Structure formats: C-alpha cells, structure tokens
Amino acid sequence: MIEPRRPERCATIKVHSRPCIEPHRKRGWELVLWTGNAFDHSTPFREMLAEIAAVLAKEAPTSIELPDYRDSEDRVEGTLRFGGEEVGIYYEHSLSYLSLMSNNATTLLRVADHLQPLVALAA
C-alpha cells in the first residue's frame, strides 16, 4: 500500500486522502489519488501524469497516451504503458480524482511503490 509522505518532503502530488489499491467497480483494481477540489479545472492532472511517467521511466520504458487537451475537459481516459504492462488512466475534474486501473494488482503495487516520493497528504 502506498504510504503518503509528509508535505515537507517536497512531494509534488497533494492528496486529500490516503491512496490505496481497491477493487474497481467494473473489473480489476484501481489506485485512486483524490487531489484538488471538485470542479477545479486548474488541478494539473496532465502534469501529475507526466511526473508519474518520469518516475516510472527510471525502472522501465514508460509512455502516456491521452486525447488532445480541450478547454474545460472533464472525464478523460487514456493509457499508461509501464514496461510490458498497460494501466488505464481516468481523471475527472468534477470530482477531482486520478485513477490508475489494471487487472493486475501487483502492477499497481509496483506503480504505488514508485509514487511514494511524489505523494503527500494535503494539510
């Protein structure tokens, strides 16, 4: 399970609740990062994903596929490729969360382990 770091450790992704890996409501597993405030379109989900990819790329080839940016975008779906694994991406400004999804909980555990330096509980 991901252990959020304290804010003073220069984490760049602030979350409002402790991230954890849970069963996804449709299938597989998901790691959810509750960030920002609901309906806040300034929450930088794309930048967060770029930071996540940069950290993961230190272990294995990593890429992100997202649709082109649109003003006031809300429900956005994409794919994170990490080594030989494919992780679904979903973020939503209206609820202000980022979800990483996989059929393999072990893949999400690996991702979560690498994200520890980036994540902090918001004050």
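The values are calculated or read from the model by the stated rules, or taken from the named source; none is laboratory data. Only a predicted model underlies this, so the values are computations on that prediction, with no experimental measurement involved. In this analysis, Cβ positions are derived from the backbone assuming ideal geometry, glycine residues included, and neighbour counts consider all displayed protein chains. The area values use the complete protein model at the heavy-atom level, side chains included, leaving out ligands, DNA and RNA. Shrake-Rupley method; radii C 1.70, N 1.55, O 1.52, S 1.80 Å.
Taking the criterion of being part of a loop (DSSP other than H, G, I, E, B) and either of a type in the set (D, E, K, R) or open to solvent by 50 Å² or more (accessible area, probe 1.4 Å) (or both), the residues of the stretch 33-44 that qualify are N37, A38, F39, D40, H41, S42, P44.
Screening the candidates E3, E30, E47 for the property of being open to solvent by 60 Å² or more (accessible area, probe 1.4 Å) and either at pLDDT 90 or above or outside any loop (DSSP other than H, G, I, E, B) (or both) yields one hit, E47. In the stretch 50-67, of all residues being part of a loop (DSSP other than H, G, I, E, B) and either within 14 Å of the chain's Cα centre (by Cα) or among the hydrophobic types (A, V, I, L, M, F, W, C) (or both), the one that is surrounded by the most Cβ atoms within 10 Å (Cβ to Cβ) corresponds to L66.
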